[in-house]
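Data first, discussion second: the structure below is written as structure tokens.
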Amino acid sequence: MNEIRDINLWESGKRKIDWVESNMPLLRGIKAEFERTKPFTGLKVALSVHLEAKTAYLCKVFAAGGAEMYITGSNPLSTQDDVAAALAYENLNVFAWYNVTEEEYKRHISRVIEAAPNIIIDDGGDLVNLIHTEYPHLLDNVIGGCEETTTGIIRLISMNKAGKLKFPMVLVNDADCKHLFDNRYGTGQSVWDGINRTTNLIVAGKNVVVAGYGWCGKGVAMRAKGLGASVIITEIDPIKAMEAVMDGFKVMPMNEAAKLGDFFVTVTGCKDVITEADYLVMKNGAICCNAGHFDCEVDVAGLKKIAVEEKLARNNIQGYKLKNGVWVYVIAEGRLVNLAAGDGHPAEIMDMSFAIQALSALHLVKNKGKLTENIIHVPREVDMEVARRQLGFWSVKIDTLTEEQEKYLNSWEAH
């Protein structure tokens, strides 16, 4: 029995899925291969990823390969109800709706785990955490899983170090065809899509503070610069801070940047990145949002505690008046701004990321019982195959090494 808002929304969802399908040639090709080979026949796949059209198409790709799909969202504000309805209309098992309560979210991911999955596709680590902590009797059913995000990988590595991770997990985010493109170009564009459509304010001439200069932060900063903003980076890593300086950005601690920023975007994967002390020195009208996985980077609870007045300033923007008379605004409750206030990454970007997901899951199935480690890197040949296919769709050709060049590069005696 599905748990969705309204099955009658399916036609709108189908249109969205059809649109992204037409712009995801990598997944279309994999789907055709899966339809011929049926590598997931007899297997249950549990998926917890932001449930919008691109994710829905990935679900259809797995289903085409014979998988019995159990689907939920990975964030309370990123599920699109019409997309969920479209999947349910096609007889996939869906447990998700927009703006779930904490209790509903837990129930939905529990329903997915209770199906006793063989493969887990996770985004942030909630499915993996739940099956280990509350459904340990189902662990033996799991062949392995794939993790989409930096945040989820951090949790997996921590679990593995503690000896708690009981099945292989592929670190999809670490693949070059994922983080170099999804995190940088996907996050860079989709964050500003979300901010711009929600605020309807100009970015040019403003001060943009980006917290964190990993691949996601690099993308957000790059696009902010392209939109005409002056960009300030905050960091804890001296190497990344050096990168930001040499890329032409100002670098300073958050409490100093807080005095200057017009827009604030957190992309760290950590908690308490913007806190009470920072709010109290912000300019009137400062706008905060988060592009990290969980809603703990922008300390909204702390902001509420020191606010003397609250108001809904605009759809999906909450205003907080401080005792000094300054108004500070938060987009999408501090949840993922590119999904809670937008449609997420462009289809062409997610085509690469989800191609890695699909082929990594296939790798797990083909190597069932053979993998000796629980932290698995995406095989290099999978990364390279996705890149070659993508270049083909772009009609881009590259050189190949001659036999003599290969010999030269592989010989220590060559000069």
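Numbers for the structure displayed
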{"quantity": "Given (1) within 29 Å of Asn2 (Cα to Cα); (2) open to solvent by less than 10 Å² (accessible area, probe 1.4 Å); (3) not basic (Lys, Arg), index of the condition Leu171 fails", "calculated": "(1)"}
{"quantity": "Residues satisfying the stated conditions in region 145-169, i.e. hydroxyl-bearing (Ser, Thr, Tyr) and within 18 Å of Ile119 (Cα to Cα)", "calculated": "Thr149"}
{"quantity": "Matching residues in region 395-415 - criterion: being surrounded by 10 or more Cβ atoms within 10 Å (Cβ to Cβ) and at pLDDT 95 or above", "calculated": "Leu401"}
{"quantity": "Residue list for region 104-134, filter: of a type in the set (Ser, Thr, Tyr) and open to solvent by less than 30 Å² (accessible area, probe 1.4 Å)", "calculated": "Ser110"}
{"quantity": "Region 9-54: number of residues that are among the polar types (S, T, N, Q) and under 21 Å from Phe393 (Cα atoms)", "calculated": "2"}
{"quantity": "Per-region count, region 1-56, residues open to solvent by less than 10 Å² (accessible area, probe 1.4 Å) and of a type in the set (Phe, Trp, Tyr)", "calculated": "2"}
{"quantity": "Selected residue (criterion: nearest to Ala86 (Cα to Cα)) from residues of region 42-55 that are touching a strand residue (DSSP E or B) at 6+ places or on another chain (Cβ under 8 Å) and hydrophobic (A, V, I, L, M, F, W, C)", "calculated": "Leu51"}
{"quantity": "Which listed residue, of Ser353, Ser411, is of a type in the set (Ser, Thr, Tyr), on the phi < 0 side of the Ramachandran plot and touching a helix residue (DSSP H, G or I) at 6+ places or on another chain (Cβ under 8 Å)", "calculated": "Ser353"}
{"quantity": "Counted residues, region 373-394 - those being without any contact (Cβ under 8 Å) to a residue 12 or more places away in the chain and open to solvent by less than 70 Å² (accessible area, probe 1.4 Å)", "calculated": "2"}
{"quantity": "Failed condition for Met246, given (1) out of contact with any Phe, Trp or Tyr (no Cβ under 9 Å at 6 or more places or on another chain); (2) under 29 Å from Ala307 (Cα atoms); (3) open to solvent by 30 Å² or more (accessible area, probe 1.4 Å)", "calculated": "(2)"}
{"quantity": "Helices (runs of 4 or more DSSP H) enclosed by region 155-249 - at least 1 residues per element that are more than 25 Å from Gly285 (Cβ to Cβ) and without any contact (Cβ under 8 Å) to a residue 12 or more places away in the chain", "calculated": "238-246"}
{"quantity": "Given (1) in contact with a Gly (Cβ under 7 Å, 6 or more places away or on another chain); (2) modelled with pLDDT of 95 or more; (3) within 30 Å of Phe40 (Cβ to Cβ), number of the condition Ala347 does not satisfy", "calculated": "(1)"}
{"quantity": "Flag for Gly145 being assigned to a helix (DSSP H, G or I), crowded, with 19+ Cβ neighbours inside 10 Å and among the small types (Gly, Ala, Ser)", "calculated": "no"}
{"quantity": "Candidate set: region 65-87, residues that are small (Gly, Ala, Ser) and open to solvent by 10 Å² or more (accessible area, probe 1.4 Å); chosen: the one farthest from the chain's Cα centre (by Cα)", "calculated": "Gly66"}
{"quantity": "Yes/no for Ile195 being under 15 Å from Val273 (Cβ atoms) and in contact with a strand residue (DSSP E or B) (Cβ under 8 Å, 6 or more places away or on another chain)", "calculated": "no"}
{"quantity": "Selection from region 206-236 of residues that are in contact with a strand residue (DSSP E or B) (Cβ under 8 Å, 6 or more places away or on another chain) and either among the acidic types (Asp, Glu) or open to solvent by 70 Å² or more (accessible area, probe 1.4 Å) (or both)", "calculated": "Lys225, Glu235"}
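The values are calculated or read from the model by the stated rules, or taken from the named source; none is laboratory data. None of the values given here were measured: they were computed from a predicted structure. Methodologically, a virtual Cβ is constructed for each residue, glycine included, from the backbone with ideal geometry; neighbour enumeration extends over all protein chains shown. Accessible surface is based on the protein model in full, side chains and every heavy atom, while ligands, DNA and RNA are left aside. Shrake-Rupley method; radii C 1.70, N 1.55, O 1.52, S 1.80 Å.
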